[in-house]
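*Asks:* I have a structure here, written as structure tokens, and I will follow up with some questions on it.
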Amino acid sequence: MIKFVLLFLSVLLANGCTENKLKWQGYCLPLDKLTPASLAATSNKDKNYDSATNYGPSLFFSGESVAKEIATFKAFTSNLSSDKYRHNIQVNLSKKNIEKSPKTIQSLIKSDLDGIYFDMQSKYHWDAYKKGDDTYEFWGSCMLDGSGKSKKGYSCLRQLKVEKIVLNFDLDYMNLNSHKDIDSFLTNKLINWSCN
């Protein structure tokens, strides 16, 4: 009888763990980290959800939760129209990545971001590359956003590959210099959520 009760409790607990997670591509994503649109899609309430096979759910990390794990991350900045502006991270998961190469190696300009080089597409927009051993890997795309003290700040759409999954997320000017820590934060979260 005791064995039956223990077996029943372990099955109940195992089911309870999976109820609060969405299984996608071998990852068990916590429901409390999914965006409202992703939650609606998982419950089949949203009939307009884009169910293209290469795209997955979206994750949301409040700036406060990121700042607790990354000391240099700014969760808030002051704003003239309100007391403060929130900086959060929303991550769109995908199985498909953008593959680009610089026009020429000579066209690359070292950026103010550690290890990142820019390939100017125009004075307002440029592709960003991370230098590898012998190649330059597409890192993301950036554009002027008029932020910062000089109003010449920029933000980037980051493409981060973790195993076979691609994470796409915006990095605003205030947190760009924390890009390596943000990459590590998101990589560790995803790896820890592996179902295996």
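The values are calculated or read from the model by the stated rules, or taken from the named source; none is laboratory data. Everything quoted here is computed from the prediction, not taken from an experiment. A quick note on method: Cβ atoms are made from the backbone with ideal geometry, for glycine too, and the neighbour counts reach across all protein chains shown. Note: areas computed on protein heavy atoms with side chains; ligands, DNA, RNA excluded. Shrake-Rupley method; radii C 1.70, N 1.55, O 1.52, S 1.80 Å.
*Asks:* Restricted to segment 78-112, and to residues that are touching a Ser or Thr at 6+ places or on another chain (Cβ under 9 Å) and hydroxyl-bearing (Ser, Thr, Tyr), which residue is nearest to Lys33 (Cα to Cα)?
*Replies:* Applying the filter and picking the extreme gives Tyr85.
*Asks:* Right, something else. At pLDDT 95 or above and assigned to a helix (DSSP H, G or I): does that describe Lys3?
*Replies:* Considered against the rule, which asks whether it is at pLDDT 95 or above and assigned to a helix (DSSP H, G or I), Lys3 comes out as no.
*Asks:* If you don't mind, there's one more thing I want to ask. Only one of (1) at pLDDT below 95; (2) in a strand (DSSP E or B) fails for Asn44. Which number is that?
*Replies:* Result: Asn44 passes all but (2).
*Asks:* Going residue by residue through segment 78-88, is there one that turns out to be surrounded by fewer than 16 Cβ atoms within 10 Å (Cβ to Cβ), within 13 Å of the chain's Cα centre (by Cα) and under 25 Å from Phe61 (Cα atoms)?
*Replies:* yes
*Asks:* Turning to a different aspect of this structure: What's the number of the only condition in (1) open to solvent by 50 Å² or more (accessible area, probe 1.4 Å); (2) more than 17 Å from the chain's Cα centre (by Cα); (3) at pLDDT 90 or above that Glu69 fails to meet?
*Replies:* (2)
*Asks:* Is it the case, given these coordinates, that Leu108 is aliphatic (A, V, I, L, M) and closer than 30 Å to Leu29 by Cβ?
*Replies:* The answer is no for Leu108.
*Asks:* Consider Leu144 carefully, then state whether it is among the aliphatic types (A, V, I, L, M) and in contact (Cβ under 8 Å) with a residue 40 or more places away in the chain.
*Replies:* In short, no.
*Asks:* Is it true that some residue in segment 138-150 is open to solvent by less than 90 Å² (accessible area, probe 1.4 Å) and farther than 27 Å from Thr77 by Cα?
*Replies:* There is at least one residue in segment 138-150 that is open to solvent by less than 90 Å² (accessible area, probe 1.4 Å) and farther than 27 Å from Thr77 by Cα.
*Asks:* Considering Leu167, Leu176, which residue is in contact (Cβ under 8 Å) with a residue 60 or more places away in the chain and either of a type in the set (D, E, K, R) or part of a helix (DSSP H, G or I) (or both)?
*Replies:* After applying the criteria, what remains is Leu176.
*Asks:* While we're on this one: Taking interchain pairs and intrachain pairs at least six residues apart, which have beta carbon atoms under 8 angstrom, with the first residue in segment 120-131 and loosely packed, with under 15 Cβ neighbours inside 10 Å and the second among the β-branched types (Val, Ile, Thr) and part of a strand (DSSP E or B)?
*Replies:* Pairs that qualify, where the first residue is loosely packed, with under 15 Cβ neighbours inside 10 Å and the partner is among the β-branched types (Val, Ile, Thr) and part of a strand (DSSP E or B), are Met120/Ile109.
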